[in-house]
1. Being closer than 16 Å to Leu96 by Cα and among the polar types (S, T, N, Q) is the filter; apply it to segment 133-155 and report the residue that is most open to solvent (accessible area, probe 1.4 Å).
2. Of (1) modelled with pLDDT under 95; (2) over 30 Å from Tyr117 (Cβ atoms); (3) of a type in the set (Val, Ile, Thr), Ile163 satisfies all except one. Which?
3. Only one of Asp22, Asp46 is open to solvent by 10 Å² or more (accessible area, probe 1.4 Å), modelled with pLDDT under 60 and over 17 Å from Asp236 (Cα atoms). Can you tell me which?
4. When you scan segment 157-220 for strands (runs of 3 or more DSSP E) that lie fully inside it, which ones turn up with 1 or more residues that are open to solvent by 60 Å² or more (accessible area, probe 1.4 Å)?
5. What's the number of the only condition in (1) of a type in the set (S, T, N, Q); (2) within 26 Å of Phe50 (Cβ to Cβ); (3) modelled with pLDDT under 95; (4) part of a strand (DSSP E or B) that Asn109 fails to meet?
6. Of all residues in segment 101-132, which are open to solvent by 50 Å² or more (accessible area, probe 1.4 Å) and among the hydroxyl-bearing types (Ser, Thr, Tyr)?
Amino acid sequence: MRKLIFLFLAFIPVFFITSCKDEPVLEKNKSAVQLGIRTFNEPTADKAVFAIEIEKFLLNIDKIEFELDDDWDDPEGWGYFDDDEITIYGPFLVDLMSPAAFNGLNLGNIFIPNAVYDEIEVDIDISKNQSVPEMYNKSVYITGIINQIPFIFWYDDDLDFEIEFDDGRYLELNGESVQLMIEFYVPRLINSMIDGGIFNAVDGNGNGIIEIWEGDPDGNSDLADEIIDAIEDALDVEFDDDDDDDDDDDDDDDD
């Protein structure tokens, strides 16, 4: 099993599939967390990036875990923590290249026990939803263009994507509402694919498509692991709480 970084979901039949969940009920000693994801296609001066285009990027998310900071203890004995994490179960199927993802997806509100969390882990597993046939029995599916030749990549194993908060920050929940946004950067993915040797991919069987997966007919199997590794570099996570917003407003006034 590989450990990486990433996240999230949406709605189908056009872009995504979501789990049917009841609206959360506010509970004592928990904080409201608004989950979201947004894809960015930031400008770049690297001409090599323009030789690669990502058209579709599907992921099947089995569950999302909020990982407790090792130094945090449950001072009140609330009993929420049988383990060192809080788990949200899917599955959720998401297309990170959909228009909705570029506009920013609101994934809904959940209530998480008040504690200090140092990272999020997203577990990816194979999809059993036959309504999206390209993802059936796969966990990752990507299509696009490499040097004007179509390519298909897929992966059919489970993965752990870990997202750590930037600059040594922690997600400290204390009853205030928090917005948590997962950010996916397309140029970072492409640059990492280039560093991993993606331009060495070939259409070995001459069918007009570069095929990349374990045991593919084109001989590109080694590049499959490089693409999986590249996902880590493309992801980030940010959060804002009500107190931070107030502090930012105060700083602006002082300026």
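The values are calculated or read from the model by the stated rules, or taken from the named source; none is laboratory data. Computed from a predicted structure; not experimentally measured. Cβ: placed from backbone, ideal geometry, glycine included. Neighbour counts: every protein chain shown. SASA here: full protein model, heavy atoms, side chains in, ligands and nucleic acids out. Shrake-Rupley method; radii C 1.70, N 1.55, O 1.52, S 1.80 Å.
1. Thr143
2. Looking at each condition in turn, Ile163 falls short on (2).
3. Asp22
4. Details: elements: 159-164, 178-185, 210-212.
Those strands (runs of 3 or more DSSP E) span 159-164, 178-185.
5. Here Asn109 meets the rest and fails (2).
6. Passing the criteria: only Ser131.
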